[in-house]
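Peer 1: What follows is a single structure, and I will ask about it in a moment.
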Amino acid sequence: MKIRRFALPILIFLTGIEAGVLSAQQTQPPHLEKRGAATQLIVDGKPFLMLSGELHNSSSSSLEYMKPIWPKLEALGLNTVVTPLSWELIEPKEGSFDFALVDGLIDQARAAHERIVFLWLASWKNGMSSYAPVWVKSDVARFPRVFEHGNPVEILSPLGTATEEADARAFAALMRHIKQVDGSQHTVLMMQVENEVGVLGDSRDHSPAANRAFNSAVPEQLTSYLKTHYNELYPDLRARWDAHGDKTTGTWTAVFGDDLRTDEIFMAWNYAGYIQAVAKAGKAEYDIPMYVNTWLAGDTTPPGEFPSGCPEPWVVDVWKAAGSSLDFYSPDLYATNFEEWCRRYHRAGNPLYMPETRGLEAGAANVFYALGEEAGFGFSPFAIESEASATDPLGESYHAIESVMPLLLEHQSAGNVHGFVLGSDVDFTMNGYTLHVTRDEIFGNRAASGFGMIMAIGKDEFLGVGKGFRVTFTQRPESGPKVGIAAIDEGVFKDGKWIPARRLNGDENDQGKAWRFDSRGGIKIEKISLYRFQ
Ligand code: DGJ
């Protein structure tokens with residue numbers, strides 16, 4: 001092609017602009033971005049999935065202890081480690097900060113090619129306040145406690161203004177430091193602010209300050225949020241507000257009813273206000289995604305038997321009403337009805353990220369559902385260093401998902417990927433086909449379990465990853481031409497390039513009747529193409 005006389009300098013100029021735009025994107029701190037059907041974590045200008053694990057609570061308090069752990073986590077296929085970091089260790093004396101541990105953990109992570117999500121264990125961890133520095137714990141006049149049954153307990157009151165300010169100051173100092181040491185390398189991806197907060201042992205704080213607030217009017221900020229977001233409110237919260245007349249003024253019991261759930265809503269508001277303020281102070285220094293995790297309650301468990309005020313799905317809206325410095329709310333998901341809880345947290349305005357969950361066989365399967373079906377951007381079994389071994393099935397899942405990560409991210413965003421863990425059969429429709437997924441069975445041998453994900457990669461083409469399942473296809477509309485299997489190839493992705501291996505036919509596709517993912521011999525990656533006939 002002939003380039004006109006003035007076109008070359010323009011081309012050079014444009015390339016320069018493009019390069020500038022690219023490097024601006026790459027140097028942006030990690031952040032969340034809505035991309036089509038998914039909200040994704042953007043790291044160094046590109047979407048990223050955290051294949052992660054959370055350490056035991058005390059491991060990361062010692063660099064020596066951590067040294068041998070990092071390589072094991074790398075070998076298991078983790079790209080991110082959820083790493084506790086406590087207030088007591090970084091501010092042992094008020095106003096005097098020690099970031100040697102932070103720097104050491106970041107260095108160790110980099111050497112092992114890992115990213116970090118830090119857990120800020122400060123005012124609360126599992127409801128209690130054991131991680132606050134002793135200068136906070138011992139000064140109950142300045143840093144007041146929650147009262148239960150007439151007595152103070154070892155839980156800092158979220159109504160303590162001085163406590164909130166001290167926690168926020170420490171967190172801001174930490175974020176300032178992380179920006180200094182990591183603002184260009186982005187080893188640290190996100191911050192969890194506190195851990196599983198809420199009052200344990202009673203349904204609410206009964207300290208004098210809390211009683212005064214509870215007997216006063218519900219803040220207008222909360223009721224006007226309920227009003228303006230009425231249609232998106234979590235159904236249980238909306239039903240409760242409706243049942244008491246959708247009042248915009250009145251005491252807590254007048255607006256929400258006279259029972260323990262109102263105590264929970266009151267505590268949610270107070271924890272939320274405090275933690276939003278801590279997060280805000282941190283973000284003012286270094287703005288990366290921040291979130292709060294949740295000790296999940298049973299649906300009928302009374303507040304106080306689980307930490308009352310924790311962002312359970314039915315009070316997430318209360319947390320959102322208190323501020324916008326927290327980017328999302330996450331479940332610590334150990335329950336067996338895994339999918340149900342994922343759906344409760346994956347809502348408009350709340351993407352799914354799982355800081356704590358079960359690992360081993362359960363995690364190896366559930367990760368496909370969380371990332372494939374619910375567009376999750378991270379998955380993180382707890383106690384990962386105890387489970388990290390060459391035989392941990394989680395590693396196999398992580399390695400397989402890592403190899404298809406660019407495709408998975410693209411299809412999360414396009415909304416044409418499905419993930420499943422087969423309790424019962426599942427059906428879904430993609431690209432004009434209904435896919436019927438069941439546990440694999442051949443010659444009377446049924447797979448004990450089945451899990452995986454399927455992406456629609458072309459008009460008549462699908463890519464599957466997983467094991468122990470089989471798929472049959474039905475045309476849509478049903479009256480249209482019938483569907484046959486054109487070809488199935490298993491293979492692997494190497495550096496993003498598809499390398500086919502066996503052509504699967506005969507017993508391996510049940511004589512052309514099904515797309516099979518054999519349960520023997522590990523996770524498979526397979527491509528199928530279909531044809532139509534009358
Ligand atoms: C949930 C907590 O968030 C973790 O820190 C840890 O204590 C686990 N429970 C223990 O199972």
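The values are calculated or read from the model by the stated rules, or taken from the named source; none is laboratory data. Owing to the predicted nature of the structure, the values given are computational and were not obtained by experimental measurement. Note that each Cβ is placed from the backbone with ideal geometry, even for glycine, and that neighbours are counted across all protein chains shown. To get the accessible areas, we keep the full protein, side chains included, count just its heavy atoms, and leave off ligands, DNA and RNA. Shrake-Rupley method; radii C 1.70, N 1.55, O 1.52, S 1.80 Å.
Peer 1: So between Lys482 and Trp135, what do we pick up on full extension, going 0.36 nm a residue minus the alpha carbon distance?
Peer 2: Values: separation 347, 0.36 × 347 = 124.92 nm, distance 7.36 nm.
Gain in length upon complete extension: 117.6 nm.
Peer 1: A further question follows. Testing the spin-label approximation: label points 7 Å from Cα along Cα→Cβ at Ser386 and Ala239. State their distance in nm.
Peer 2: Going from the Ser386 label point to the Ala239 one covers 3.7 nm.
Peer 1: Follow-up question, since we're still on this one. Given axes a ≥ b ≥ c from the Cα gyration tensor, I'd like to know whether region 418-533 is rounded (a/c under 1.5), prolate (a/b larger than b/c) or oblate.
Peer 2: Details: a/c = 1.40, a/b = 1.13, b/c = 1.24.
It is rounded, given that a/c, with a ≥ b ≥ c, falls under 1.5.
Peer 1: Something else about it: In whole angstrom, how long is each semi-axis of the equivalent ellipsoid of the chain, when you take the square root of 5 times every eigenvalue of its Cα gyration tensor and sort them from largest down?
Peer 2: Working: eigenvalues 377, 166, 114 Å².
Largest first, the chain gives 43, 29, 24 Å.
Peer 1: Now a separate question. If I model a spin label at Asn431 and Ser449 as a point 7 Å from the Cα along the Cα→Cβ vector, what separation in nanometres do I get?
Peer 2: A separation of 2.9 nm, rounded to one decimal place.
Peer 1: At a temperature of 25 °C and a viscosity of 0.890 mPa s, determine how fast region 200-312 diffuses translationally according to Stokes-Einstein, using the Kirkwood radius over alpha-carbon pairs as Rh; express D in µm²/s, rounded to the nearest whole number. Can you show the working numbers first?
Peer 2: Working: Rh = 15.1 Å.
Answer from the Stokes-Einstein relation: 162 µm²/s.
Peer 1: Further question: Carbon and sulfur together cover what percent of the accessible area of region 377-424 at a 1.4 Å probe radius?
Peer 2: Reported share for carbon and sulfur atoms: 58 percent.
Peer 1: Based on the alpha-carbon gyration tensor of region 128-227 and its eigenvalue square roots a ≥ b ≥ c, which shape applies: rounded if a/c is under 1.5, prolate if not and a/b is larger than b/c, or oblate? Write down the numbers at each step before the final one.
Peer 2: Working: a/c = 2.43, a/b = 1.50, b/c = 1.61.
Taking the square roots of the gyration eigenvalues as a ≥ b ≥ c, region 128-227 is oblate.
Peer 1: Which FRET efficiency value, to the nearest 0.05, is calculated for Ala284 and Lys494 with the Förster distance at 60 angstrom and r the Cβ-Cβ distance? Let's see the in-between values first.
Peer 2: Working: r = 44 Å, r/R0 = 0.73.
Here the calculated transfer efficiency is 0.85.
Peer 1: May I have the extent of the alpha carbons of region 332-476 along their three principal axes, as whole Å values ordered from largest to smallest?
Peer 2: 46, 43, 28
Peer 1: Just the number, please: percent antiparallel of the DSSP beta bridges in the chain, rounded to the nearest 5.
Peer 2: Values: 64 of 95 bridges.
Percent antiparallel among DSSP bridges in the chain is about 65.
Peer 1: Straight-line reach from Lys467: which lysines have a Cα under 27 Å away, not including same-chain ones fewer than 8 places off?
Peer 2: Those lysines meeting the cut-off are Lys72, Lys459, Lys482, Lys494, Lys497, Lys513, Lys524, Lys527.
Peer 1: If you don't mind, another one. Determine which residues of region 488-511 fall in the zone a paramagnetic label at His399 would reach in this model, i.e. backbone nitrogen under 19 Å from the point 7 Å along Cα→Cβ.
Peer 2: Output list for this probe position: 490-502.
Peer 1: I need the helices of the chain that pass two filters: whole DSSP H segments spanning 27 Å or more by Cα along the axis, and mean Kyte-Doolittle score no lower than -0.5.
Peer 2: Working: long enough: 7-27 (30 Å, 1.24); 161-182 (31 Å, -0.32); 260-285 (38 Å, -0.09).
Long hydrophobic helices here: 7-27, 161-182, 260-285.
Peer 1: Moving to a separate point now. Given the -39500 (n - 2.57) contribution per DSSP H run of 4+ residues, what per-residue ellipticity at 222 nm results for the chain, rounded to the nearest 500 deg cm²/dmol?
Peer 2: Numbers: 18 runs with 178 residues, N = 534.
That calculation yields -9500 deg cm²/dmol at 222 nm.
Peer 1: Scattering from the C-alpha atoms of region 14-137 alone, worked out with Debye: what is log10 I(q)/I(0) at q = 0.11, 0.13, 0.23 1/Å?
Peer 2: Each listed q corresponds, in turn, to -0.51, -0.68, -1.26.
Peer 1: Could you tell me the calculated FRET efficiency between Ser424 and Arg142, based on Cβ-Cβ distance and R0 = 45 angstrom, to the nearest 0.05?
Peer 2: Values: r = 56 Å, r/R0 = 1.25.
Taking R0 as 45 Å, the efficiency between Ser424 and Arg142 is 0.20.
Peer 1: 7 Å from Cα along Cα→Cβ at both Thr474 and Ser324: what's the point-to-point distance in nm?
Peer 2: For Thr474 paired with Ser324, the spin-label model returns 4.5 nm.
Peer 1: Right, here's the next one. Taking R0 as 45 Å, what's the FRET efficiency between Glu305 and Thr228 from their Cβ-Cβ distance, rounded to 0.05?
Peer 2: Numbers: r = 33 Å, r/R0 = 0.73.
That gives a FRET efficiency of 0.85.
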